[in-house]
Amino acid sequence: MKIVIINYGAGNIQSIKFAIQRLGFEAVLSHNVEEILQADKVIFPGVGEASSAMQMLKSTGLDKIIQQLKQPVLGICLGMQLMCNYSEEGDTNGLGIFDVKVKRFSNQVKVPQIGWNQINNLKSELFKGVKENEFMYLVHSFYAEKCSEMIAETNYDLPYASALKKDNFYGVQFHPEKSSNAGEKILENFLNINI
Amino acid sequence: MLTKRIVPCLDIKNGRTVKGVNFLDLRDAGDPVELAQIYAENGADELVFLDISATEEKRKTLANLVLHVAEKVNIPFTVGGGISSVEDVDILLQSGADKVSINSSAVKRPDLINELSAKFGSQCVVVAIDAKQVDDEWIVHLVGGKVPTKLNLFDWAKEVEKRGAGEILFTSMNNDGTKNGFANEALAKLSNELNIPIIASGGAGNMQHFADTFKEGKADAALAASVFHFKEIAIPELKSFLSKEGVLVRR
């Protein structure tokens, strides 16, 4: 199985590679279009700021490439947010894969949310063997609103979508690569998806 | 709901853990990776590695250690100690660190906080503040609490937040090493005046101290070293204690 982690200069992607290694697979970090198109599984990571990350994707043409992918794609954290219609962070349009807006948490709570929170209302093969209310590690200031593409929900400030799915595209707000054994299970489930 | 975090801190010198580690079941008591794995398995929510070595080789050794930790450990970790430039941070994040913690370098050149949060995002920038209460005023200190500055803890903390820090790691020099509990009054004030998470550090002696710092000190996370390294407190027991005390923890 060929697993590609899209490398567009957005933060700590080494951890995802290592988590996949712990599951017994190898992943390559790449921004090469051919390599991404030929992969069996594509992981779209990202930490950092939304509008500058979108700029980076546009300048390399990766935005169009990601939208066209037919194999299973997993967006993680900012990766998931960039797959949405729009983000308040830097007032930027996203890739428009998920029909939902990304907004900032209110100042009623500490921002960023940092730490372990629960996922519930689980609705996807991505969560096979993962129990309701399992804890995942999250670090973020912006969130996707609840919507019809939601496959997991988390509550902070308000209930929001912590995972999304549309066709072959999956997105998770939490970091499965940093969420202990349950997180690794989710990554493993993703790698086992066949389309 | 978001849970309170328990954070063991490991002191590192030349790539090895130093002092205060008394794990009889460790094959190699100086191996930070093995110790980190044990903490992760026992339910630690995050780890902090504090590099106290001061050699020329430091940067390379530390990046190498980060790489090994990231390879084996499946929970988040922060790296601190002598980090003073965007390049330092770039190397550590690329090696697999989730966050970096800066202290003296931020006091000396506060713009570093802005630069780091602009380039890597606030979420990976932890600003560590060591402060000592002198005549009713909390004064920021450098070099492990030895050198006083002119900065007031609360003023500095607010500035740090404004400049883009994602978290504050506050160590009370009055409490550190005493095992008499955390500086909950100052912590609660920080928590009330700021809108970013606060990590409490210094003074952990027993399980009640953790409950107190989460409830009275309103801390979002609590860091400790020796109580964990010397097995005075086991993390699973601590978490069931906290849970009974009504503190939300991951179990």
Only loop residues by DSSP count here, and only those with at most 13 other Cβ atoms within 10 Å; note down the trypsin sites (Lys or Arg not before Pro) in the range B:114-175 that meet that.
-> B:Lys146
Computed lengthening from A:Cys147 to A:Asn181, 0.36 nm per intervening residue step minus Cα-Cα distance = 9.5 nm
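Measuring with a 1.4 Å probe in the full set of protein chains, what accessible area per residue, in whole Å², belongs to the range B:5-244?
Details: 9720 Å² over 240 residues.
On a per-residue basis, the range B:5-244 sits at 40 Å².
Any idea what the dipole of chain B comes to, in debye rounded to 20, about its Cα centre with Lys/Arg Cβ at +1 and Asp/Glu Cβ at -1? Walk me through the numbers on the way to the answer.
Details: 29 positive and 35 negative charges, 24 e Å.
Dipole magnitude for chain B comes out near 120 debye.
What is the interface area between chains B and A, defined as buried accessible area summed over both chains with a 1.4 Å probe, reported in Å² to the nearest 100?
Details: alone 11680 and 8580 Å², together 17620 Å².
Chains B and A together bury roughly 2600 Å² of accessible area.
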Largest-first ranking of A:His31, B:His229 by accessible area, probe 1.4 Å, whole protein assembly kept, is A:His31, B:His229
How much net charge surrounds A:Phe169 when only other residues with a Cβ under 13 Å from its Cβ are counted (Lys, Arg +1; Asp, Glu -1)?
-> +1
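Classify the range A:60-129 as rounded, prolate or oblate from the Cα gyration tensor: take a ≥ b ≥ c as the square roots of its eigenvalues, call it rounded if a/c is under 1.5, otherwise prolate when a/b beats b/c and oblate if not.
Oblate shape, in that a/c is at least 1.5 and b/c is the bigger or equal ratio.
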Give me the lysines in straight-line cross-link reach of B:Lys108: C-alpha distance below 25 Å, same-chain residues under 8 apart excluded.
-> B:Lys13, B:Lys58, B:Lys60, B:Lys99, B:Lys119, B:Lys132, B:Lys146, B:Lys150, B:Lys158, B:Lys162, B:Lys189
Find out how many positive minus negative residues lie around B:Val48, taking Lys and Arg as positive, Asp and Glu as negative, among other residues whose Cβ is under 10 Å from that of B:Val48.
-> -1
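Looking at chain B, do any whole DSSP H helices span at least 18 angstrom along their long axis by alpha carbon and average -1.0 or above on Kyte-Doolittle, and which?
B:58-72
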Within the accessible area of the protein assembly as shown (1.4 Å probe), percent carbon and sulfur = 47 percent
Under a 10 Å cutoff between Cα atoms, tell me which one of B:Asp130, B:Asp88, B:Asp45 has the largest fluctuation in the Gaussian network model of chain B.
-> B:Asp88
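Which of the helices in chain A, when you take each full DSSP H run, stretch at least 15 Å along the axis at their Cα atoms and have an average Kyte-Doolittle score of 0.0 or higher?
On the way: long enough: A:50-60 (16 Å, 0.06); A:180-191 (17 Å, -0.20).
Those that clear 15 Å and a mean of 0.0 are A:50-60.
Taking R0 as 25 Å, what's the FRET efficiency between A:Asn107 and B:Gln208 from their Cβ-Cβ distance, rounded to 0.05? Present the calculation step by step, with values, prior to reporting the outcome.
Details: r = 32 Å, r/R0 = 1.27.
E between A:Asn107 and B:Gln208, to the nearest 0.05, is 0.20.
Can you list which of the GluC sites (Glu not before Pro) found in the range B:148-244 are DSSP loop residues with at most 15 other C-beta atoms within 10 Å?
B:Glu216, B:Glu232
Just for chain B, what percent of DSSP beta bridges are antiparallel, to the closest 5?
Working: 10 of 41 bridges.
Among the beta bridges of chain B, antiparallel pairing accounts for roughly 25 percent.
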Using a 1.4 angstrom probe, figure out how much accessible area the range A:3-191 has per residue, in square angstrom, rounded to the nearest whole.
-> 35 Å²
Calculate the length of the line joining the C-alpha centroid of the range B:222-251 to that of the range B:92-137, in whole Å.
-> 26 Å
With DNA, RNA and ligands ignored, accessible area of A:Met150 (1.4 Å probe; Å², nearest 10) | 20 Å²
Please check chain A for the longest run free of GluC sites (Glu not before Pro) that are loop-located per DSSP (anything but H, G, I, E, B) and have at most 12 other Cβ atoms within 10 Å.
-> A:27-131
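What 222 nm value per residue comes from the helices of the protein assembly as shown, counting each DSSP H run with n ≥ 4 as -39,500 (n - 2.57) and dividing by all residues, nearest 500 deg cm²/dmol? Please list the in-between numbers first.
Working: 16 runs with 142 residues, N = 446.
Rounded to the nearest 500, the figure is -9000 deg cm²/dmol.
Sorting check: for B:206-215, A:53-62, which peptide has the highest mean count of neighbouring beta carbons within 10 Å, and how do the rest follow? If you can, show how the numbers build up before the last one.
Working: B:206-215: 20.9, A:53-62: 16.8.
With the highest mean Cβ count within 10 Å placed first, the list reads B:206-215, A:53-62.
Net charge within 10 Å of A:Phe127 by Cβ-Cβ distance, Lys/Arg positive one each and Asp/Glu negative one each, not counting A:Phe127 itself?
Numbers: positive: A:Lys123, A:Lys128, A:Lys131, A:Lys185; negative: A:Glu125, A:Glu132, A:Glu134.
Around A:Phe127, the charge tally is +1.
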Rounded to 5, percent antiparallel among DSSP beta bridges of chain A | 60 percent
What percent do you get for the relative contact order of the range A:3-191 when only Cα pairs under 8 Å and 6+ apart count?
-> 20 percent
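The values are calculated or read from the model by the stated rules, or taken from the named source; none is laboratory data. What you see is a predicted model, and the numbers here were worked out from it, not measured in a lab. Because the Cβ atoms are built from the backbone with ideal geometry, glycine has one as well, and the counts that use them run over all protein chains shown. What goes into the accessible areas is simple: the full protein's heavy atoms, side chains included, and nothing from ligands, DNA or RNA. Shrake-Rupley method; radii C 1.70, N 1.55, O 1.52, S 1.80 Å.
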